Structure formats: structure tokens, C-alpha cells
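Q: To start, I am sharing the structure in question, which I have written as C-alpha cells.
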Amino acid sequence: MPIPDDELGALMRQHATRHAPPAGLAERIALSVRAEAGAPATPAPRRHGWWQGLLGFGTGAAAAWGLALVLLASPAPLELLGAQVTANHVRSLMASHLADVASTDQHTVKPWFAGKLDFSPPVVDLAAEGFALTGGRLDYLDGRTVAALVYRSGPHVINVFVWPAADAKPQAPAFSTRQGYQLAHWTQGGMQAWAVSDLNAAELRHFAALLHARTAVRP
């Protein structure tokens with residue numbers, strides 16, 4: 001059900017990040033509100049503080065300013081995607097559904113994706129380096145179906161999510177930590193990849209470097 005206006009205002013005051021308004025914002029909002037109401041586009045008087053003027057612009061202006069606060073407080077796209085990646089990794093472990101195709105053979109895993117995706121994910125086995133391929137599955141990220149490749153290092157599971165990149169410019173692996181999990185993401189060969197695991201930071205960096213190097217020569 002809709003949130004009452006007074007509760008919405010209280011939530012915004014409690015949680016929204018506060019930012020000083022840019023110069024002229026109140027005047028621009030006033031002009032916009034006046035234009036929508038059919039009133040002459042007369043600049044707002046400057047004899048009052050910006051907040052006093054904002055109170056006089058009506059609920060439309062207040063809503064516009066509230067929306068600006070929410071947008072300014074929103075996480076960056078990579079942070080949101082990292083949160084999705086971590087959640088999907090945890091979900092795959094809890095649901096005990098790591099693989100739709102369980103195999104250590106890359107020549108079995110890669111063809112399995114044919115016809116199920118509109119791209120062909122690079123699949124390599126790093127068993128000789130201590131990271132064995134164990135299978136793959138379909139997953140959902142960034143508003144689309146993606147390939148999830150599953151690797152193991154001892155008891156540790158590594159999920160590698162792969163799908164076409166919006167920007168095909170190559171990017172070296174970048175690393176972060178979220179909820180106790182290590183993450184790596186990079187772009188290569190028109191694909192973006194995210195690796196996530198409970199490996200320690202040094203081990204995941206090593207894994208990402210190996211996979212990045214191998215997929216560079218084996219698209």
C-alpha cells in the first residue's frame with residue numbers, strides 16, 4: 001500500500017544523505033512548477049532563504065527536491081551489481097544448485113550453453129593451477145540471463161558470472177570485498193566477468209589473474 005506523505009517525509013529526513021543545494025536550484029524549480037501550472041515564468045524573489053522559497057513552491061517542488069536527494073544517495077551501478085553478484089553466489093550455495101551441467105570437461109560445459117544464451121561464454125579449466133572447473137548453469141544478473149561457471153579450490157566454491165559488456169573496452173581485474181566474500185570483475189573480449197568466492201583476497205587475485213590471462217588467448 002502507498003506510504004502516507006508524512007511517513008515518506010520522515011523516512012527521507014531520517015535516511016537520505018544531505019547535500020547543499022546547487023546555486024539557483026530553487027529558482028529553477030520555481031520556474032518549472034509555474035510553467036506546469038500555466039503561471040508566468042517569473043523568477044522567484046531572492047529576499048528569502050532558499051528553503052523559505054522552496055516551501056512556497058508547493059508539493060511538486062518538494063517532491064522534485066526529495067527525488068534529487070534520493071538519486072544523490074543512491075549507490076553507484078558497480079556497487080549495485082556487486083551486491084547482486086554476491087546475493088546470487090550465496091543463493092546458489094544455499095539452494096544447493098551450483099550446476100545445471102556438472103562436468104570437469106570444458107568441452108562439455110561450453111557446448112551446453114549453446115542455444116540457451118545469445119552469446120558464447122569463454123570456458124577454461126584451471127585444474128592444473130589448483131582451480132578445477134566443476135560445471136556451469138544459467139543465472140540472472142543485470143536484467144538478463146548470464147552464464148555462471150563454477151570452479152572449486154579445495155572446499156571453496158568460486159562462481160564466475162559472464163555476459164556481454166555494454167562497453168567492450170578491456171579492463172583489468174578490479175577487486176573488492178562484500179559481506180565477507182571476495183569479488184573480482186573485469187572486461188575482456190567483449191565480455192564482462194565477475195568472480196566471487198570465500199577464498200582469501202590473495203587466492204582470488206591469483207585465480208582472477210589466471211582466468212583473465214587464459215581467456216585472453218582462448219576466447
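Rule-based calculations on the coordinates, nothing more; no lab input. Quick caveat, the model's predicted, so the values are computed rather than measured. Note that each Cβ is placed from the backbone with ideal geometry, even for glycine, and that neighbours are counted across all protein chains shown.
Q: Rounded to the nearest whole Å³, what is the per residue volume of the convex hull around the Cα atoms of the stretch 170-219?
A: Details: hull volume 3.0 nm³, N = 50.
Value for the stretch 170-219: 60 Å³ per residue.
Q: Right, next: Provide the per-residue ³J(HN,Hα) series for the stretch 81-95, in order, calculated from phi with Karplus coefficients 6.51, -1.76, 1.60 and θ = phi - 60°, each as a whole number of Hz, with x at glycine and proline positions.
A: 5, x, 5, 5, 4, 4, 4, 5, 4, 4, 4, 5, 6, 6, 7
Q: How many percent of all Cα-Cα pairs in the stretch 89-219 sit more than 18 Å apart? Intermediate results must be reported in sequence, preceding the final value.
A: Details: 4174 of 8515 pairs.
So the portion of pairs separated by more than 18 Å is 49 percent.
Q: Roughly how many nanometres apart are two label points built 7 Å out from the Cα toward the Cβ at residue 178 and residue 78?
A: Distance between label points: 1.2 nm.
Q: Once phi is turned into θ = phi - 60°, what whole-Hz ³J(HN,Hα) does the Karplus curve with 6.51, -1.76 and 1.60 give for every residue of the stretch 107-116, x standing for Gly and Pro?
A: 7, 9, 5, 4, x, 4, 6, 4, x, 9
Q: When the chain is fully extended, how far beyond the present Cα-Cα distance does residue 116 get from residue 129, taking 0.36 nm per residue of separation?
A: Working: separation 13, 0.36 × 13 = 4.68 nm, distance 2.95 nm.
Result for the pair: 1.7 nm of gain on full extension.
Q: Given a Förster distance of 25 angstrom, what is the FRET efficiency for residue 93 paired with residue 171, based on the Cβ-Cβ distance and rounded to 0.05? Kindly include the intermediate steps, with their values, before the conclusion.
A: Details: r = 27 Å, r/R0 = 1.10.
Calculated transfer efficiency: 0.35.
Q: Follow-up. Quick one: which residues, 5 or more positions from residue 192 or on another chain, have an amide H under 5 Å from its amide H? H modelled 1.01 Å from N in the peptide plane, none for Pro or chain starts.
A: 163, 165
Q: Just name one of 168, 119, 148: the one whose Cα is farthest towards the positive end of the charge dipole of the stretch 67-168 (beta-carbon charges, Lys/Arg +1, Asp/Glu -1).
A: Farthest towards the positive pole: 148.
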